[in-house]
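Trainee: Take a look at this one; I'll ask things after.
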Amino acid sequence: EFTTQDTIFGNETELNITEFKKWAEERDISLVGITKDAGEVYDQGLNSNDIVNLEEVPYWWWAESGLRKIPDKILQIMKDKTIYFSVKKGRGYALASDWLEGTTAGFILEQTITDGQAVHELGHIVDFTGTQGIYDDPLNIFSDIRAEKDRVFTGVENYNPDAEEVPEGFINLYSSANNQEDFAVHFAHYVLNAEEFRKKAETDEVLKKKYEFLKNKIFDGKEY
């Protein structure tokens, strides 16, 4: 059983959910615990009976760990959006709009929540909202680089999840699934696995272009 005094990152770091909530509130981001998984939300929406205290959701702190690494300029796109923390096992799911009953735009994190999952789903919102302005979101702060983003992050035409080798130009197999995963996977790697990303980019010109795009167009030169 985990409590707010658990150890993370190998350090005696006190987990403080109040500080996480304050951090989110300052950025107009809502944090909501839920009992449904993403599939159930997609099929049924949310109602008040589906809401639980964030403290009751395991591993919420890993999401905080990843998201606090993101510059505030990028986090602007989460203004008035929600991060849903599910108690059920699964993965992540981006909600690019509020069309599901009882939801707002944002993303869902399922168990076991990780920093990579949180940053990956944020990457989808950066793509959907930031560059594409889907659903007329007024915070498409990267709209001027959409054409270049679409040239750099393309996925592959014949994605094979069982392929034995990672295609050239991709950090891993899943990143080649489509243009959306291409961007989100590399976005997360830029933040959380930067050294690996840079090393592979040394011998892969396409990966180098992706790294440089993220560095210069999304992160304003910030490296990890």
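Trainee: Scan the chain and hand back the longest stretch that contains none of the GluC sites (Glu not before Pro) lying in DSSP loops with at most 14 other Cβ atoms within 10 Å.
Mentor: 15-100
Trainee: Something else about it: Just add up the charged neighbours of Gln76: K/R +1, D/E -1, any other residue whose Cβ is under 10 Å from the Cβ of Gln76. Let's see the in-between values first.
Mentor: On the way: positive: Arg27, Lys73, Lys79; negative: Asp28, Asp72.
Charge balance near Gln76 sits at +1.
Trainee: How large is the Kirkwood hydrodynamic radius of segment 15-101, counting all unique pairs of alpha carbons, in Å? List each step's numbers first, then the result.
Mentor: Working: mean 1/r = 0.0731 Å⁻¹.
In segment 15-101 this quantity evaluates to 13.7 Å.
Trainee: Taking the Cα atoms of the chain, report the difference between the largest and smallest coordinate on each principal axis, in whole Å and largest first.
Mentor: Sorted from largest, the Cα extents of the chain read 48, 42, 36 Å.
Trainee: From Cα pairs below 8 angstrom and at least 6 apart in sequence, can you work out the relative contact order of the chain, rounded to a whole percent?
Mentor: On the way: 379 pairs, mean separation 33.8, N = 224.
The normalised contact order for the chain reaches 15 percent.
Trainee: Over all directions, how big on average is the projection of the convex hull of the alpha-carbon atoms in segment 169-224, in square nanometres? Can you show the working numbers first?
Mentor: Working: hull surface 13.2 nm².
Mean orientational projected area (segment 169-224, Cα hull): 3.3 nm².
Trainee: May I pose another question? Give me the percent of accessible area attributable to carbon and sulfur for segment 1-147, probe 1.4 angstrom. List each step's numbers first, then the result.
Mentor: Numbers: 3150 of 7050 Å².
On segment 1-147, the fraction of accessible area on carbon and sulfur atoms equals 45 percent.
Trainee: Strictly greater than 14 Å: what percent of every Cα pair in segment 95-135 meets that?
Mentor: Values: 405 of 820 pairs.
The calculated P(r) of segment 95-135 puts 49 percent of pairs beyond 14 Å.
Trainee: What number comes out for accessible area per residue over the chain if the probe is 1.4 Å? Units Å², please.
Mentor: Value for the chain: 51 Å² per residue.
Trainee: Output wanted: per-residue J couplings in Hz (rounded whole) for segment 33-50, from phi through Karplus 6.51 cos²θ - 1.76 cosθ + 1.60, θ = phi - 60°, x for Gly and Pro.
Mentor: x, 9, 9, 9, 8, 4, x, 5, 5, 4, 7, 10, x, 10, 9, 4, 6, 8
Trainee: Which chymotrypsin sites (Phe, Trp or Tyr not before Pro) does segment 112-186 hold that lie in a coil by DSSP with at most 15 other beta carbons within 10 Å? Show your work: numbers first, answer last.
Mentor: Values: sites: Phe128, Tyr135, Phe142, Phe153, Tyr159, Phe170, Tyr174, Phe183; in loops: Phe142, Phe153, Tyr159, Phe170.
For chymotrypsin sites (Phe, Trp or Tyr not before Pro) across segment 112-186 that sit outside H, G, I, E and B with at most 15 neighbouring Cβ atoms in 10 Å, the list reads Tyr159.
Trainee: Can you list the aspartates and glutamates whose alpha carbon sits under 12 Å from that of Lys69, skipping same-chain ones fewer than 8 residues off?
Mentor: Asp115, Glu223
Trainee: So what's the back-of-envelope 222 nm ellipticity for the chain, counting only DSSP H runs of four-plus at -39500 (n - 2.57) apiece and dividing by all residues, rounded to 500? Working shown, then result.
Mentor: Values: 9 runs with 78 residues, N = 224.
Calculated at 222 nm, the ellipticity per residue is -9500 deg cm²/dmol.
Trainee: Whose amide H sits under 5 Å from the amide H of Val52, counting only residues 5 or more places off or on another chain, with H placed in the peptide plane?
Mentor: Residues meeting the amide H criterion: Gly33, Ile34, Thr35.
The values are calculated or read from the model by the stated rules, or taken from the named source; none is laboratory data. No experiment lies behind these values; they were computed from the predicted model shown. Backbone-built Cβ (ideal geometry, glycine too); neighbour counts: all protein chains shown. To get the accessible areas, we keep the full protein, side chains included, count just its heavy atoms, and leave off ligands, DNA and RNA. Shrake-Rupley method; radii C 1.70, N 1.55, O 1.52, S 1.80 Å.
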